[in-house]
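Report on the structure given below.
The values are calculated or read from the model by the stated rules, or taken from the named source; none is laboratory data. Everything quoted here is computed from the prediction, not taken from an experiment. We place every Cβ from the backbone using ideal geometry, glycine too, and count neighbours over all the protein chains shown.
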Amino acid sequence: MTANNTISNVISGDKGSWPLWEIFIRSRQGLDHKHVGSLHAADAAMAIENARDVYTRRMEGISIWVVESKFIHASNPDDAASFYDPANDKVYRHPTFYDLPDELKHM
Amino acid sequence: MSVQALIDYTLHLGDNALVLGHRNSEWTGHGPILEQDIALSNIALDLIGQARNWYEYAARLINGGGGKEVTEDVLAYLRDSRDFRNCLLAEQTNGDWGKTVLRQFYFSAYQFYFYGALEHSRDKELAAIAEKSLKEVTYHLRWSSEWVIRLGDGTEESASRMQRAMDELWTYTGELFVPADYERKLSPAGIGVDLAAIRPLWEQRVREVLKAARLESGEGVWMQTGGKQGKHTEHLGYLLAEMQFLQRAYPGCEW
């Protein structure tokens with residue numbers, strides 16, 4: 001009965017216990033959803049509505065995704081050296097060694 | 001059709017939106033959680049935006065007839081409660097969150113069907129403002145319906161608070177569908193909304209949501225009326241005293 005528990009939290013003023021949601025907004029057709037921030041909501045439906053009210057009031061978006069924060073798994077900052085540094089000297093991985101035809105734009 | 005009826009009608013719509021918008025704005029900074037504080041403040045701003053459109057049109061109609069020049073600000077800030085034609089439901093106090101969302105639900109359901117009919121008005125200005133407002137109201141109705149269901153079908157305490165809100169507010173719902181004289185004049189001309197036609201739609205929607213919320217509607221209760229004719233409950237005077245204070249104390253003040 002999670003929904004009921006969250007309602008009790010509203011009544012008792014226990015604001016900390018609504019789960020946190022990460023919000024992703026697509027600003028225009030054809031673009032990706034981008035992470036814009038997080039907010040509290042009792043369930044997914046409320047999270048989408050809260051995101052609509054908090055993050056799209058100024059015409060920022062045309063589509064919303066919400067994911068409960070606990071389902072996001074992140075890399076460990078302590079791994080940064082072994083994760084990212086080895087890519088530093090691999091310049092040949094960038095596709096910059098080809099002659100592109102003039103007709104190709106936006107590469 | 002007289003121009004006076006159209007002016008009264010437009011003011012009635014503006015007063016509904018302004019008074020409920022102001023009531024909702026009283027929650028700003030006091031919402032139960034930040035996200036809902038923003039949600040209700042957005043609804044308040046939508047309603048006050050609608051009020052501006054109605055008052056702007058009313059001012060044009062009034063000024064077209066000669067006499068003392070008025071603006072939307074004069075209509076909002078310098079009329080007394082006797083001149084306000086909003087429904088009694090709109091001016092009822094916020095109470096707890098349950099009462100506020102129930103008041104919004106009753107009113108948004110009314111505005112939803114009302115604007116849906118008014119956008120076909122033969123008066124192009126009324127139709128245009130109704131069409132623009134309907135998009136906002138569609139969201140207000142969705143938001144408030146979900147809260148009524150959430151709280152009604154929530155815990156023992158939330159259900160009892162919703163039932164209390166129902167007992168307090170139901171008596172003010174009948175007036176929504178009792179036409180004032182200016183409504184009776186405009187409806188047959190295809191300019192105003194036929195309230196009898198939208199009433200069953202409102203009742204059906206309210207029944208569905210209350211059923212989902214496991215709440216009992218207060219059928220058979222005696223209904224209060226008078227707001228549309230300027231006879232208000234005690235609450236409107238306090239609301240206006242606060243809302244109009246600045247313009248009354250410092251006429252023409254700008255910032």
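Give me the residue from the range B:175-192 that is small (Gly, Ala, Ser) and buried (at least 17 other Cβ atoms within 10 Å of the Cβ) and, out of that set, farthest from the chain's Cα centre (by Cα). Here the answer is B:SER187. Could you run through the range B:142-183 and say how many residues are among the aliphatic types (A, V, I, L, M) and without any contact (Cβ under 8 Å) to a residue 60 or more places away in the chain? Number of matching residues: 2.
Which of the residues belonging to the range B:148-161 are closer than 12 Å to B:LEU210 by Cα and within 9 Å of chain A (Cβ to nearest Cβ)? Residues satisfying the conditions are B:ARG150, B:LEU151, B:ASP153. Of everything listed in (1) more than 14 Å from chain A (Cβ to nearest Cβ); (2) out of contact with any His (no Cβ under 8 Å at 6 or more places or on another chain); (3) touching a residue at least 24 places away in the same chain (Cβ under 8 Å), the single unmet condition for B:ARG60 is (3).
The rows are residues; the columns are (1) on the phi > 0 side of the Ramachandran plot; (2) part of a helix (DSSP H, G or I); (3) at pLDDT below 95.
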residue	(1), (2), (3)
B:GLY116	no, yes, no
B:HIS120	no, no, no
B:SER133	no, yes, no
B:SER160	no, yes, no
B:ALA165	no, yes, no
B:PRO179	no, no, no
B:LYS185	no, yes, no
B:ALA189	no, no, yes
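Tell me, yes or no, whether the range B:74-89 has at least one residue that is among the polar types (S, T, N, Q) and within 14 Å of another protein chain (Cβ to nearest Cβ). There is no residue in the range B:74-89 that is among the polar types (S, T, N, Q) and within 14 Å of another protein chain (Cβ to nearest Cβ).
Of everything in the range A:22-46 that is among the basic types (Lys, Arg) and either touching a Lys or Arg at 6+ places or on another chain (Cβ under 6 Å) or surrounded by fewer than 16 Cβ atoms within 10 Å (Cβ to Cβ) (or both), the residue that is farthest from B:LEU34 (Cα to Cα) is A:ARG28. Within the set B:VAL209, B:VAL221, the sole residue that is surrounded by 16 or more Cβ atoms within 10 Å (Cβ to Cβ), in contact with a Ser or Thr (Cβ under 8 Å, 6 or more places away or on another chain) and under 22 Å from B:VAL101 (Cβ atoms) turns out to be B:VAL209. Applying the set (1) surrounded by 22 or more Cβ atoms within 10 Å (Cβ to Cβ); (2) more than 24 Å from B:LEU6 (Cβ to Cβ) to B:ARG142 leaves exactly one unmet item: (1).
Pairing residues of the range B:117-130 that are under 20 Å from B:PRO200 (Cα atoms) with residues that are exposed (fewer than 14 other Cβ atoms within 10 Å of the Cβ), at Cβ distances under 6 Å and at least 6 apart in sequence or on separate chains, gives no pairs at all.
Within the range B:42-69, work out how many residues are surrounded by fewer than 17 Cβ atoms within 10 Å (Cβ to Cβ), of a type in the set (A, V, I, L, M) and more than 26 Å from B:VAL137 (Cα to Cα). Selection size over the range B:42-69: 0. Restricting to the range B:6-50, give me the number of residues that are assigned to a loop (DSSP other than H, G, I, E, B) and within 14 Å of chain A (Cβ to nearest Cβ). The total comes to 6. Would you check which residues across the range A:59-83 are over 23 Å from A:TRP18 (Cβ atoms) and either within 11 Å of chain B (Cβ to nearest Cβ) or assigned to a helix (DSSP H, G or I) (or both) and list them? Within the range A:59-83, A:PRO77, A:ASP78, A:ASP79, A:ALA80, A:ALA81, A:SER82, A:PHE83 meet the criteria.
Would you confirm whether or not the range B:27-40 contains a residue that is surrounded by fewer than 19 Cβ atoms within 10 Å (Cβ to Cβ) and under 26 Å from B:ALA117 (Cβ atoms)? Checking the range B:27-40: not a single residue is surrounded by fewer than 19 Cβ atoms within 10 Å (Cβ to Cβ) and under 26 Å from B:ALA117 (Cβ atoms). Checking the stated criteria, B:LEU126 turns out to be part of a helix (DSSP H, G or I) and either over 21 Å from B:GLY174 (Cα atoms) or within 14 Å of chain A (Cβ to nearest Cβ) (or both).
In the range B:70-99, the qualifying residues are those that are of a type in the set (A, V, I, L, M, F, W, C) and outside any loop (DSSP other than H, G, I, E, B), and the one that is farthest from B:HIS12 (Cα to Cα) is B:TRP97.
Here the range A:71-93 is the region considered, the condition is being small (Gly, Ala, Ser) and closer than 30 Å to A:ALA44 by Cα, and the residue that is surrounded by the fewest Cβ atoms within 10 Å (Cβ to Cβ) is A:ALA74.
Looking at this structure, is A:SER38 at pLDDT below 95 and in contact with a helix residue (DSSP H, G or I) (Cβ under 8 Å, 6 or more places away or on another chain)?
no
Has the range B:123-136 got any residue that is more than 27 Å from B:VAL3 (Cα to Cα) and surrounded by fewer than 24 Cβ atoms within 10 Å (Cβ to Cβ)? Yes.
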